[in-house]
Number of protein chains: 2
Amino acid sequence: MNDTPILDRDAISAAARRISSYLRRTPLLRLAGPDLGLPHDVVLKLELLQASGSFKPRGAFNTLLSSPIPAAGVIAASGGNHGAAVAYAARALGVPAEIFVPEITGAAKRALIEGYGAKLVVGGPDYHAARQASEARATETGALTVHAYDQRTVLEGQGTVALEFDEDAPGLTHVLVATGGGGLIGGMAGWYGTGATRLVSVEPEGCPTLATALREGRPVPAPVGGVAADSLGARQVGALMFPLAQPAVEAAVLVPDGAIRQAQRLLWEAARVVAEPGGATALAALLCGAWAAPAGARVGVLVCGGNCDPGSVLA
Amino acid sequence: MNDTPILDRDAISAAARRISSYLRRTPLLRLAGPDLGLPHDVVLKLELLQASGSFKPRGAFNTLLSSPIPAAGVIAASGGNHGAAVAYAARALGVPAEIFVPEITGAAKRALIEGYGAKLVVGGPDYHAARQASEARATETGALTVHAYDQRTVLEGQGTVALEFDEDAPGLTHVLVATGGGGLIGGMAGWYGTGATRLVSVEPEGCPTLATALREGRPVPAPVGGVAADSLGARQVGALMFPLAQPAVEAAVLVPDGAIRQAQRLLWEAARVVAEPGGATALAALLCGAWAAPAGARVGVLVCGGNCDPGSVLA
């Protein structure tokens with residue numbers, strides 16, 4: 001086993017310099033415990049306000065700005081958010097993009113991808129199938145593949161979320177993050193490492209990729225299902241993120257779909273924030289007690305995406 | 001005429017100290033011009049993320065914390081947002097609240113007011129009628145009246161929006177603000193005064209209270225109508241705000257309802273922000289060209305409320 005991590009704070013800082021002029025510094029919002037029915041305050045990082053509606057363009061821009069781009073442009077497979085991000089970044093940089101989505105990807109995400117000018121292809125029933133189809137296509141065209149999570153430049157880009165969170169809210173003891181394929185929490189683990197801020201991974205009971213991997217000691221396949229599957233429905237966590245996450249993730253907890261829906265509703269009612277299911281998943285762990293903050297904890301929660309029908313948060 | 005302003009930076013700073021532990025520091029979000037189809041960046045202050053969904057609790061808390069509160073509690077008339085804010089503040093401080101709304105107040109705002117535990121009374125067809133009914137009731141009960149805009153403590157509280165905007169985005173040349181009764185822009189005028197940051201008042205064509213008053217040289221009645229009437233539908237601007245606004249407001253422009261709807265849709269599509277019509281009105285002026293930034297301007301826009309059905313932003 002190679003003990004040299006594939007990314008560190010220097011690499012993440014370099015990524016931040018590379019991408020910052022293309023992206024938004026997403027703001028923090030501190031909510032008082034009583035507004036959430038919790039015994040402590042929570043500092044939200046509103047990453048759903050990022051360009052394209054999720055954290056994903058961080059990794060997309062960092063990849064596109066780190067590599068020569070072939071004439072065929074870029075290609076990606078995605079439940080929706082990564083595809084939208086690659087399409088957004090490709091448009092900003094003036095290169096063509098082809099995005100493969102699974103059948104479960106909803107109308108809002110499809111419209112977003114096409115609205116950014118990318119070619120949309122439905123590549124199969126789930127993310128895994130869409131990815132296989134996109135890989136076959138990339139071989140054919142020579143386009144640059146931007147992986148949704150398991151690529152060094154993607155992890156570096158997603159790690160800039162942690163750099164900003166740390167700068168703007170220093171001294172947090174715990175940051176809760178939703179995990180799908182693990183690019184986000186892997187990148188953030190590259191920043192926080194074994195320092196004083198511990199990461200808590202939150203996954204839907206229907207897609208327990210990191211919880212399963214940590215229990216087994218390696219990335220292994222897990223089921224894909226539930227209300228957040230279109231953003232968190234990877235079949236297993238990436239190989240690159242796993243050694244980063246192991247030392248930095250203090251707990252990997254699971255939440256039922258009902259708690260995710262409750263978190264969506266509460267974010268709207270208490271703070272006028274519209275999060276998609278995957279974007280509300282981290283907060284759900286606090287609401288349903290899947291993870292409880294120890295006394296004196298200073299808790300951050302990443303709200304990582306808002307690509308849904310806005311009316312659906314009250315459905 | 002008395003030339004001593006009724007509020008200044010010291011009074012606003014004192015209000016900020018009085019209320020800050022009860023309220024949120026609402027964040028800024030910088031959007032790149034191309035994301036809005038504009039030739040310049042815009043710095044949004046996301047005041048819709050404030051407790052109760054608008055800027056209104058600033059003035060409500062400042063009033064309740066500046067005055068002895070009678071046993072009958074507090075009373076207010078409101079298109080909805082002020083009522084929700086007074087209800088929120090009353091609950092936080094443990095006093096009873098009675099809120100009079102006009103018939104045009106929608107279900108979302110009514111539910112919000114009742115959800116905070118206040119007694120809701122429908123007081124007539126428009127805000128003016130609801131206010132008359134609330135005044136009669138206040139005489140009967142002895143409750144403390146919290147005026148929606150024309151009260152010194154309310155103006156001081158709303159002025160804290162400008163204090164924060166100025167601290168967090170120093171050097172803005174223009175700040176666009178929606179005007180109804182004028183409590184918000186009046187309070188902000190108390191902060192910005194005749195300094196380098198100029199205020200631009202934006203009103204729906206259907207409720208041109210400040211534009212009319214500035215033209216006439218004094219507060220005068222104006223029509224009430226259009227999509228933002230439930231938050232901006234005062235019949236005329238307050239007497240107290242007018243001498244504050246005169247020197248600080250560089251322009252008072254009007255926008256059609258269609259531009260307000262367009263701004264709501266764009267805030268969602270470009271930034272996942274759900275603003276109610278009144279909350280999107282300031283941005284609408286940039287989109288429809290009712291106000292155009294001079295070359296080199298550094299433009300701030302206040303997004304002042306989000307109390308609507310979230311799905312309505314795409315309606």
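The values are calculated or read from the model by the stated rules, or taken from the named source; none is laboratory data. All of these numbers come straight from a predicted model, not from anything done at the bench. No Cβ is skipped: glycine too gets one built from the backbone with ideal geometry, and neighbour counts run over all protein chains shown. Each accessible area value is taken on the protein alone, full model and side chains, heavy atoms only, with ligands, DNA and RNA left out. Shrake-Rupley method; radii C 1.70, N 1.55, O 1.52, S 1.80 Å.
Just the Cα atoms of region B:28-89: what Rg and Dmax do they give in Å?
For region B:28-89, the Cα radius of gyration and maximum Cα-Cα distance read 16.8, 55 Å.
Treating only the Cβ atoms of Lys and Arg (+1) and Asp and Glu (-1) as charged, compute the dipole magnitude of chain A about its Cα centre; round to the nearest 20 debye.
400 debye
Between the alpha-carbon centers of region B:269-315 and region B:14-49, tell me the distance in whole angstrom.
Cα centroid to Cα centroid, the span is 12 Å.
Determine the shielding of peptide A:265-276 by partner chains: average, over its residues, the number of Cβ atoms on other chains within 10 angstrom of each Cβ.
5
Mind ranking A:Glu98, B:Glu140 by accessible surface for me, highest first, 1.4 Å probe?
So, going from the largest accessible area down, we get B:Glu140, A:Glu98.
If you put a point 7 Å past Cα along the Cβ direction, how far is that point for B:Leu65 from the same point in each other copy, in nm, smallest first?
4.1
Mind listing, in residue-number order, the residues in region B:7-35 that have at least 30 Å² less accessible area with every protein chain present than in their own chain alone (1.4 Å probe)?
For region B:7-35, once contacts with the other chains are taken into account, B:Arg24, B:Pro27, B:Leu29, B:Asp35 lose 30 Å² or more.
What nm distances, shortest first, do you get from the label point of B:Pro256 to those in the other copies when the point sits 7 angstrom along Cα to Cβ?
Copy-to-copy label distances at B:Pro256, shortest first: 5.1 nm.
With a 1.4 Å probe on protein heavy atoms only, work out how much accessible surface A and B bury together, total over both chains, in Å² to the nearest 100.
For chain A against chain B, roughly 2000 Å² becomes buried.
Over region A:57-145, what is the relative contact order in percent, taking alpha-carbon pairs closer than 8 angstrom and at least six residues apart?
Taking the mean separation of contacting Cα pairs over the length of region A:57-145, I get 33 percent.
Place a +1 charge on the Cβ of each Lys and Arg in the protein assembly as shown and a -1 charge on the Cβ of each Asp and Glu, then give the dipole magnitude about the Cα centre in debye, rounded to the nearest 20.
240 debye
Averaged across the residues of A:42-50, what count of C-beta atoms belonging to other chains lies within 10 Å of each residue's C-beta?
That average works out to 3.
Quick check: Cα centre of region A:156-178 to Cα centre of region A:232-260, how many Å?
Taking the Cα centre of region A:232-260 as reference, the centre of region A:156-178 is 16 Å away.
Looking at chain A as a GNM with Cα springs under 10 Å, which of A:Arg272, A:Arg24, A:Arg198 has the largest mean-square fluctuation?
Fluctuation is largest for A:Arg272.
In whole percent, what relative contact order does chain B give with Cα contacts below 8 Å and a gap of six or more residues?
Across chain B, relative contact order equals 20 percent.
Kindly flag which residue pairs out of A:Lys109/B:Lys119; B:Lys45/B:Lys109; A:Lys109/B:Lys56; A:Lys109/B:Lys45 have an alpha-carbon separation exceeding 31 Å in this structure.
The answer is A:Lys109/B:Lys119; A:Lys109/B:Lys56.
In debye to the nearest 20, how big a dipole does region B:57-145 give about its Cα centre with +1 on each Lys and Arg Cβ and -1 on each Asp and Glu Cβ?
Dipole about the Cα centre, nearest 20: 220 debye.
In the neighborhood of B:Gly233, defined by Cβ-to-Cβ distances under 14 Å, what is the net charge if each Lys or Arg adds +1 and each Asp or Glu adds -1?
So the environment of B:Gly233 carries a net charge of -4.
Please compute the net charge surrounding B:Arg58, taking Lys and Arg as +1 and Asp and Glu as -1 over other residues with Cβ under 14 Å from its Cβ.
That works out to +4.
Compute the label-point distances linking B:Gly193 to its equivalents in the other copies; points lie 7 Å from Cα along Cα→Cβ; give nm, one decimal, shortest first.
Those label-point separations list as 4.9 nm.
In square nanometres and to one decimal, what's the mean projected area of the convex hull around the Cα atoms of chain A?
Seen from a random direction, the Cα hull of chain A projects 14.3 nm² on average.
Please name whichever of A:Gly238, B:Tyr116, B:Ala280 sits farthest to the positive end of the charge dipole of the protein assembly as shown, dipole taken about the Cα centre and charges placed at Cβ: Lys and Arg +1, Asp and Glu -1.
A:Gly238
Could you calculate the contour length gain from A:Arg265 to A:Leu314, that is, 0.36 nm times the residue separation minus the distance between their Cα atoms, to one decimal place in nm?
Difference between extended and current length: 17.1 nm.
Angle between the Cα long axis of helix A:81-93 and the longest principal axis of chain A, 0 to 90 degrees, nearest 10?
The helix A:81-93 is inclined about 60 degrees to chain A.
Accessible area per residue of region B:57-145 at 1.4 Å probe, in Å²?
37 Å²
Can you give the relative contact order of region A:82-225 as a percent, counting alpha carbon pairs under 8 Å and 6+ residues apart?
Dividing the mean separation by the residue count of region A:82-225 yields 15 percent.
Using all Cα-Cα distances in the protein assembly as shown, what percent lands in each 10 angstrom bin from 0 up to the longest?
3, 17, 27, 24, 16, 9, 3, 0, 0
Need one word for region A:109-172: rounded, prolate or oblate. Basis is the Cα gyration tensor (sqrt eigenvalues a ≥ b ≥ c); a/c below 1.5 gives rounded, then a/b vs b/c decides.
In terms of gyration-tensor shape, prolate.
Determine the shape class of region A:70-160: with a ≥ b ≥ c the square roots of the Cα gyration tensor eigenvalues, call it rounded for a/c under 1.5, and otherwise prolate if a/b is greater than b/c, oblate otherwise.
Rounded.
Enter the mean number of other protein chain beta carbons within 10 Å of the beta carbon of each residue in B:296-309, as an integer.
Averaged over the peptide's residues, the number is 1.
Specify whether the C-alpha gyration tensor of region B:179-315 places it in the rounded, prolate or oblate class, a ≥ b ≥ c being the square roots of the eigenvalues: rounded for a/c under 1.5, otherwise prolate if a/b is larger than b/c and oblate if not.
Here region B:179-315 falls in the oblate category.
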